[in-house]
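**Student:** Below is a structure I'd like to ask you about.
The values are calculated or read from the model by the stated rules, or taken from the named source; none is laboratory data. Nothing here was measured: the structure is a model prediction, and the numbers come from that model. Heads up, the Cβs are rebuilt from the backbone with ideal geometry, glycines too, and the neighbour counts pull from every protein chain shown. For accessibility, only protein heavy atoms count, side chains too; no ligands or nucleic acids. Shrake-Rupley method; radii C 1.70, N 1.55, O 1.52, S 1.80 Å.
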Amino acid sequence: MISPAVQNLDDDEALRRSTVLERVSEGVVALDTDLRYTYVNDRAEQILDADRAQLIGRHVWDAFPESQGTAAEDALDVAMATQERQSFERYDPGLDRWFEVRVYPDESGLSLYFTDITDRKASEQALAQKNRQLSALIENTTQAVYVKDRAGRYQFVNEAAADLVGLTPEEAVGKRAEDLFDAESAAEIRRIDEQILADGTADSYEATRFIDGTKHVFLENRYPHRDEDGAIVGIVGISREITERKRREKTLEGSRQRLKSLFENLPDSVVIHDAEGHILDVNEQTVDELGYTYRELRSMNVADFEVGLSQEELRETWRTMEVGDRAKKSGRHRRKDGSSFPIEVWVDKTEIGGEKRFIALTRDVTEQLQKERKLKALTEEYHALLENAEDAIFFLDVEEEESGTEFRFERLNPYHEAATGLDSESVRGKTPREVLGPDLGAELEANYHRCVEAGAPISYQEELDMPAGPRIWQTKLAPVVVDGTVTRIVGIARDVTAQVHREEKLRRKNERLDEFAGIVAHDLRNPLNVAQMRTTLSVEDPAYEDLHRRKVHEALDRMEDIISDTLVLARRGNEAESLEPVSVTDIADQCWDMVETNAASLIVDDACTIEGDPDRLRHVFENLFRNAVEHSEGDVTVRVGRADDAVLYVEDDGPGVPPARRETAFKPGETSREQGTGFGLSIVKRIAEAHGWGVRLTESPDGGARFEFAGVEIRS
């Protein structure tokens, strides 16, 4: 079917325009008022996968009964009934392409245009995927991310940002800095915001904030927030708490103007020109885009609105083309008002009426480039966040197999690679079991299954033995959901090994402080009371001054012993600083000489060497030797030796320790002697544990006390 505009032209122009319809990249179909085919161009024949000669005259639903009841039938019915333009999208599985079908009614029937939108669909899907990933990353990152308007009101706050001020994201939206921070901090925030809004430049700085009276230090990164036209409409901020080293956009769619006829209303600009570039014909889209009248364009040369290329350069390009060739290039067109816009142009060389002619189909790609720039900006933001985050971030593809759900690594960020010893290239496409072995892999997959089943983020702490060494991680998993199905998991893990170890060390220190406080409060009180009482009596009763003075000295000596032993426990009892080979014979002899042994004797049964800290071991042997001598009449034999490959013993033939007291003998302050401090065996136990040994008190073959140390590294 030829449009009335074409029918009223002379034969040469009608022929040219008919040729255009055959050469355009769009499929073009015309139906009469009874929905019978009256025209099908070459491209439409390919898209419909039908011989157009067989289609002409046939009813559309007789030719394609499978399309009845679909969006196609609805669109055609509505167009005929309302005489208004309709459109729908159609996927062609044979060509594996997407098409936008636009339906234009007129008094002759319907005109249908099939535009290939496969690239646009792919771009939209890629942009949507990036948006989902970035959204999951922003919502689940430990860094605070927020957006404010020019008035300082928070328009968006992620969970991490809301948690900092003790609110939910919904509660934080609409508030200002004055509502969340102290007056000084709020004034500083407003000052920097005003500077960014005025200068249009980003700012990065450290800031101190007081939230609920608690001091927090943050690394603040703020950027001007711009709209599509580049105007600054607010502030975008990324805030990372560094006190303990802790912690965008809608897709735009354009619309096409309604077309009125097969040629005049093609969505792209069409220019027909000769080998010299003289314009022979244009469509209305060209008129609209360039701002010239149809008459003005017919008197112009293509080079008149081509930016950057002369007429000679254009002619050289056309001379190299053969009939049937198609060339594609990018450039810019200049409008009548002097402004310009980016274009993509496809040039076909053909014959019309025996003359060599060129058909140039030009598309304004301003919107496409804007989308590409936005996609590029979004991708750069995504990569910047991923590459510079100080958390381990990883992506897992979730695949449904016959055997069940499978998880395969897709990517690790640089921090993850450095912290774990893994790398993206070696793990990509592999399951956790393939990368980390069946046991650890199964442990990880169990958490991934929990995330998929929940369909929501989950958090947990885990201890993993990675190639780079064991680490403790605080991990958060966020599912990426597409059409109701989890297709990917974004994982963010923070290394809390040092923090956990610090907390454990602090807990042990606090326990020791409590223990030592009890010891000092309880055991020093008695000799202190004695010293105070005797001092008072010596003043009141001078006749017994010498006796009282002696008792004071005894009390002070006992206090010195208690303090000395307490300091050993507090400062050195839990540490073995320098491990080296130590001769049991030598250290036993040295320690024996440091103890008042009276008539006691020492026998070393095995002249062996052990691995230990000699300074700490002297406290062990001296305390055990002194304990043996002081609990006997003085005539006691002490023996040192090895029981097997990893057990060292110290025993005596003294009175021994009753079974009922053996369990409590190692407690601080526990003693059976009036003058004892009760710390000697506690020191022995602490130093043994610092070496990784176990110690137990039992009975020697001679009925005395026997101390056995298990787990000792005995070299000879």
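**Student:** Just to verify a number: FRET efficiency for residue 184 and residue 508, C-beta to C-beta distance, R0 = 41 Å, to 0.05?
**Tutor:** The pair residue 184/residue 508 has a calculated efficiency of 0.55.
**Student:** Hey, with R₀ at 51 Å, roughly what FRET efficiency would residue 71 and residue 449 work out to, going by the Cβ-Cβ distance, to 0.05?
**Tutor:** The pair residue 71/residue 449 has a calculated efficiency of 0.85.
**Student:** Order 616-628, 146-158 from most to least packed using the mean count of other Cβ atoms within 10 Å.
**Tutor:** Taking the mean over residues of other Cβ atoms within 10 Å, the ranking is 616-628, 146-158.
**Student:** What figure, in Å² to the nearest 10, do you get for the accessible area of residue 371 with a 1.4 Å probe and non-protein molecules left out?
**Tutor:** Its heavy atoms expose roughly 40 Å² to the probe.
**Student:** Grab the beta carbon distance between residue 411 and residue 601, set R0 = 60 Å, and tell me the FRET efficiency rounded to 0.05.
**Tutor:** 0.25
**Student:** Across segment 581-592, in residue order, what do the Karplus-derived ³J(HN,Hα) couplings come to in whole Hz, using 6.51 cos²θ - 1.76 cosθ + 1.60 with θ = phi - 60° and x for Gly and Pro?
**Tutor:** Whole-Hz 3J(HN,Hα) from phi for segment 581-592: x, 10, 6, 4, 4, 5, 5, 5, 5, 4, 5, 4.
**Student:** Take the alpha-carbon positions of segment 592-634, form their convex hull, and give its projected area averaged over all directions (one quarter of the hull surface) in nm².
**Tutor:** The Cα convex hull of segment 592-634, projected and averaged over all directions, gives 3.4 nm².
**Student:** Please report Rg (one decimal) and Dmax (integer) in Å for the Cα set of segment 284-326.
**Tutor:** 12.6, 32
**Student:** Where does segment 23-77 land on the Kirkwood hydrodynamic radius, alpha-carbon pairs, in angstrom?
**Tutor:** Every distinct Cα pair counted, the radius reaches 11.5 Å.
**Student:** Counting only protein chains, not ligands or nucleic acids, how are 295, 508 ordered by accessible area (probe 1.4 Å), most first?
**Tutor:** The most accessible residue leads, giving 295, 508.
**Student:** Same structure, new question: To the nearest 10 square angstrom, what accessible area does residue 585 show with a 1.4 Å probe?
**Tutor:** Result for residue 585: roughly 40 Å² accessible.
**Student:** Also, I was wondering about something else. Using only C-alpha atoms and all pairs of different ones, pull out the Kirkwood radius for segment 283-435 in Å with one decimal.
**Tutor:** Final number for the Kirkwood radius of segment 283-435 is 20.6 Å.
**Student:** Where q = 0.16, 0.30, 0.33 Å⁻¹, what log10 of I(q)/I(0) comes from the Debye formula for segment 432-480, counting one point per Cα?
**Tutor:** -0.47, -1.15, -1.19
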